[in-house]
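These notes are about the structure you will find just below.
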Amino acid sequence: MADLQELLAVLLLQSGYNTTVVMLGAAALGAATGTVGVFAMLRRRALVADAIAHATLPGVALGFLAAVALGFSGKSLPFLLAGSALTAILSALCIHWIVTHTRLNEDTAIASVLATFFALGVVLLTVIQTLKTGGQAGLDVYLLGATAGMLRSEAITLATFSFIAAAVVAAFFKELTLVSFDTEYTRAHGFPVRLLDLLVLALVLAVIVIGLRVVGLVLIVALLIIPPAAARFWTNHAGRMTLISAVMGAASAYGGAALSAVRPDTPTGPVIVLIAFAILLVSVFFGAARGLLIRALGARKLSGRAS
Amino acid sequence: MLAPSPSERVSSRAMQAPPLSVRDLTVTYGGRAALSRVNWAAPESGIVAIVGPNGAGKSTLLKAVLDLVPKAEGAAEVFGKPVSQQRGLIAYVPQRASVDWDFPATAADVVTMGLYRRIGWLRPVRAMDRAKAREFLDAVKMAEFADRQIGALSGGQQQRVFLARALAQQAKLFLLDEPFAGVDAVTEGVMTGVFRRLRDAGSLVVCVHHDLSSVRDIFDHVLLLNREVIAAGPVAEAFTPENISRTYGVPLMPDAAQTHG
């Protein structure tokens, strides 16, 4: 009972300034992944996103080592973000190289690269545990995420990058929609399809790196893909779908962060993903545009016009 | 209301050049020539069918013109300039298979996409644009389906939506890849009517076409293609039994085959 009251207080942002900032930061991140995730899903980049996410692990380890070597705290955010971005980009390049230079298909390339980079990360983390530098204890938050103990400045950094990512999507919304719907048409009319694809990949990479701290690299792909998948059941318009997806992503991350504030031992990432999944489940059955219920009612015309 | 775009001004200056011309165009797929030294200048306006057997390179010709597949040799020009400078004058309707049918877009949304180029980078779609899109849907008799998700339409209705998207681009040259494949009679009638209006307004419509029996009803020019140009010209002159049999490699008359060889 006391727990429930506490949870309610946290949800209503009555639990102190720091918790409030962290929760709003998490919500901003959820909105950003929900926004970017729409195009990760529509352009079929979900698996690549997962590989990129797992490939950040060696980067986290290398960032830690670089920070320590240069006399900073091993857990300083800029080093860890830079390191994870570096190996994430490297993994994307590896996948691209394998697909274009060998006869292996993309599926195989993605699975191999994902596992290899993740394995490298685990080995590096094990090595780091044996070092005598100290501070390595908290590195595992990057695996499953944790908002408990997050600094205000960290939350503000994440929120700022989240807004930038969402703004970029908004700025190129027309062109991203076009390339996702009909690539051939888009290329024929002189739009830079390769650059737009690269933009989607860059945005995916950015929100993954930003989201590592909160959701963790094992599950971040879920926060990219589940909100748009759920939003798709409510509307037949890409614009509305993106807004709904952003709200769903924000709600999931907000709820996960709230629970972490009450129960600091709970890893944040899994909680966020479970909340997102609950939203997906409701959407699958009750979605106004293509939910199972509305389909079962045989309301074909309704589903076409509802949104 | 709309200021003419630079490409439009270019076009009025270069109007004497044909809307579409290809010179010595060769395209190879894995070492095999899909098109071999194709030379063709389209008429100034009209409705043109590109006709030929499967694997004759009909779709490849359109794709090579649009730089969607690399040219091994030769060049294509639109109103006397490279295609890359004339994108604003071209509307392309790919084969229907190129689309994601589950995509969150209604018929009206798809037609609005035809306006994206004119709206420009970093500018949002406005209510005015959506209203315009509905007018183009109306032109293909699809207004009542404006809010239907694109995948929930029949094949013919989908094809009309893509034609409306092409109309929204307000192009001078329309390139369509098998627009009549698998469509219903209503759609065929609507599309034919739209093509005639475009022709009468001075535009050129080029269709890859499969059905030999409808060529005379729909088209006024024909390009007979089988990896190379067999014949081209007004339907009355070029669409002869002899040329058709040379295109399809089935000699209708033994002596026709001999003349060719």
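Any read-out appearing in this document is the output of simple, stated calculations on the displayed coordinates, not a laboratory observation. Every value quoted in this text rests on a predicted model; they were computed, and no experiment measured them. We place every Cβ from the backbone using ideal geometry, glycine too, and count neighbours over all the protein chains shown.
For this structure, a couple of remarks:
- Between the amide H of residue B:225 and those of B:51, B:52, B:230, distances stay under 5 Å, these residues lying 5 or more places away or on another chain, with hydrogens modeled in the peptide plane.
- Each peptide in B:79-85, A:83-89, A:210-216 receives the mean, over its residues, of other Cβ atoms within 10 Å, and ordering these scores from highest gives A:210-216, A:83-89, B:79-85.
- Cα pair distances exceeding 13 angstrom across segment A:2-45, given as percent: 63 percent
- Over segment B:88-148, equivalent-ellipsoid semi-axes from the Cα gyration tensor in Å: 18, 16, 13
- One Cα centroid belongs to segment A:1-72, the other to segment A:126-205; the line between them spans 10 Å.
- Segment B:52-183: C-alpha pair distances exceeding 20 Å, %: 50 percent
- Across all directions, the shadow cast by the convex hull of segment A:99-235 built on its C-alpha atoms averages 11.8 square nanometres.
- Springs join every pair of Cα atoms under 10 Å in this Gaussian network model of chain A, and among A:33, A:266, A:183 the largest mean-square fluctuation is at A:183.
- Reachable lysines, given that their alpha-carbon falls under 16 Å from the alpha-carbon of residue B:58 and they are not under 8 places away in the same chain: B:71
- When restricted to Cα atoms, chain A yields an Rg and a Dmax of 20.0, 67 Å, respectively.
- Rg and Dmax of segment A:176-307, Cα atoms only, in Å: 17.2, 54
- Based on Cα contacts under 8 Å between residues 6+ apart, chain B shows a relative contact order of 25 percent.
- Scaled radius of gyration (Cα, divided by 2.2 N^0.38 Å) that segment A:224-269 gives: 1.37
- When segment A:159-250 is reduced to its Cα atoms, the Kirkwood hydrodynamic radius in Å: 14.1 Å
- Where the Cα pairs of the protein assembly as shown fall when distances are cut into 20 Å bins, in %: 19, 43, 28, 10, 1
- Each Cα pair under 8 Å and six or more residues apart adds its separation to the average, and for chain A the resulting relative contact order is 30 percent.
- Rg/Rh for segment A:170-223 stands at 1.11; both radii use Cα atoms, and Rh follows the Kirkwood definition.
- Based on C-alpha pairs under 8 angstrom that are at least 6 apart in sequence, segment A:1-137 has a relative contact order of 25 percent.
- Cα convex hull, segment B:185-247: 89 Å³ per residue, rounded to a whole number.
- Kyte-Doolittle at least -1.0, axis length at least 20 Å by Cα - qualifying DSSP helices, chain A: A:17-42, A:77-101, A:106-130, A:152-171, A:193-215, A:238-262, A:268-286
- Across all directions, the average flat footprint of the convex hull enclosing the Cα atoms of chain B is 15.0 nm².
- Largest-first principal axis extents, alpha carbons of segment B:137-239, Å: 44, 27, 22
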